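The values are calculated or read from the model by the stated rules, or taken from the named source; none is laboratory data. If you're wondering where the values come from, they're calculated on a predicted model, not measured in any experiment. Cβ coordinates were reconstructed from backbone atoms using ideal geometry, including for glycine residues, and neighbour counts include every protein chain displayed.
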């Protein structure tokens, strides 16, 4: 078990990729604090993780946009677990939006997507960094998207921009925190049918759009949440002890083909 005895925090843990990350963390021996704004789905995450490793998961209903709530939760985790070894900023999404021409995008449309996808990661990293600094070590993984390296299949301008910002945030904080033994890396998933929003997007594509997407992926298939999670585990583990500031695309070769 590569993460035996470590304490990990995962945001966006209510379903899909975030839930899969929690499961893989528990499988590798970590204790997990799973955070999300969706209470019912978060409880299902707890049950799923506990089926793999009894007692390995605690949950916290939380909106990552609320910086005071994030600070309070991180302090509670430190008081309870005595440490935070790993942080995964997986919270994100398009906040129910669909593509509209740029001239129709409101300030609120833009800001809510940045608040969830980028500000939330900032809130958690700001709160957790002092704890990791005191320990002299830590590992952070931010979940970006293929949209952050190229363009968004959703067509939503703010989503692509926020996910690109998360990659830049990863590099900058890796540079800053490296001297304290803290590594910061990023995973950019391709299209994964992992939550209600991605299922709706898949259905909206129709048969022809689905075929075009699959044809644009070198491996010819969609990814699975657990495949994204395994890349996260690599970055969090000592296997990546000399890796920081990096973004890996887990997309079956979609970014490579453009």
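Within the bounds of segment 152-160, is there any residue that is in a helix (DSSP H, G or I), over 16 Å from the mean Cα position of the chain (by Cα) and under 30 Å from residue 109 (Cβ atoms)?
yes
Cβ-Cβ distance below 9 Å, separation of 6 or more or different chains: which pairs start in segment 124-136 with a residue that is touching a residue at least 12 places away in the same chain (Cβ under 8 Å) and end on one that is loosely packed, with under 15 Cβ neighbours inside 10 Å and outside any helix (DSSP H, G or I)?
Every condition considered, the pairs that remain are 132/181; 133/181; 135/181; 136/181.
Taking the conditions exactly as written (out of contact with any helix residue (DSSP H, G or I) (no Cβ under 9 Å at 6 or more places or on another chain) and either part of a loop (DSSP other than H, G, I, E, B) or within 19 Å of residue 236 (Cα to Cα) (or both)), does residue 18 satisfy them or not?
no
Scan (1) in a loop (DSSP other than H, G, I, E, B); (2) touching a helix residue (DSSP H, G or I) at 6+ places or on another chain (Cβ under 8 Å) for the single condition residue 99 breaks and write down its number.
It fails just one condition, (2).
Only one of 91, 121, 188 is assigned to a strand (DSSP E or B), under 30 Å from residue 4 (Cβ atoms), at pLDDT 95 or above and in contact with a strand residue (DSSP E or B) (Cβ under 7 Å, 6 or more places away or on another chain); which?
Unique residue meeting the criteria: 188.
Could you list, in sequence order, the residues of segment 153-206 that are under 16 Å from residue 247 (Cβ atoms), surrounded by fewer than 17 Cβ atoms within 10 Å (Cβ to Cβ) and without any contact (Cβ under 8 Å) to a residue 60 or more places away in the chain?
Within segment 153-206, 168, 172 qualify.
Limited to segment 56-87, what total is found for residues that are under 14 Å from residue 119 (Cα atoms), outside any loop (DSSP other than H, G, I, E, B) and touching a residue at least 24 places away in the same chain (Cβ under 8 Å)?
3
Between residues in segment 29-55 that are under 16 Å from residue 3 (Cα atoms) and residues that are loosely packed, with under 14 Cβ neighbours inside 10 Å, which pairs lie under 7 Å by C-beta distance while being six or more apart or on different chains?
From residues that are under 16 Å from residue 3 (Cα atoms), the pairs are 29/1; 29/4; 29/5.
On the basis of being under 17 Å from residue 248 (Cα atoms) and part of a helix (DSSP H, G or I), does residue 213 make the cut?
For residue 213, the condition - under 17 Å from residue 248 (Cα atoms) and part of a helix (DSSP H, G or I) - is not met.
Quick grid of which residues meet (1) modelled with pLDDT under 90; (2) out of contact with any helix residue (DSSP H, G or I) (no Cβ under 6 Å at 6 or more places or on another chain); (3) closer than 25 Å to residue 166 by Cα:
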| site | (1), (2), (3) |
| --- | --- |
| 203 | yes, yes, no |
| 207 | no, yes, no |
| 217 | no, no, yes |
| 229 | no, no, yes |
| 233 | no, no, yes |
| 252 | no, yes, yes |
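I'd like the full set of residues that are buried (at least 17 other Cβ atoms within 10 Å of the Cβ) and not in a helix (DSSP H, G or I), limited to segment 216-244.
If the condition is that a residue be buried (at least 17 other Cβ atoms within 10 Å of the Cβ) and not in a helix (DSSP H, G or I), then 216, 217, 222, 223, 237, 244 are the ones that fit.
Could you identify the single residue in 52, 94, 88 that is under 15 Å from residue 225 (Cβ atoms), touching a helix residue (DSSP H, G or I) at 6+ places or on another chain (Cβ under 6 Å) and surrounded by fewer than 24 Cβ atoms within 10 Å (Cβ to Cβ)?
On the way: 94 fails: under 15 Å from residue 225 (Cβ atoms); 88 fails: surrounded by fewer than 24 Cβ atoms within 10 Å (Cβ to Cβ).
Result: 52 is the single residue among 52, 94, 88 that is under 15 Å from residue 225 (Cβ atoms), touching a helix residue (DSSP H, G or I) at 6+ places or on another chain (Cβ under 6 Å) and surrounded by fewer than 24 Cβ atoms within 10 Å (Cβ to Cβ).
When you go through (1) modelled with pLDDT under 95; (2) within 18 Å of the chain's Cα centre (by Cα) one by one for residue 55, which number turns out not to apply?
Unmet condition: (2).
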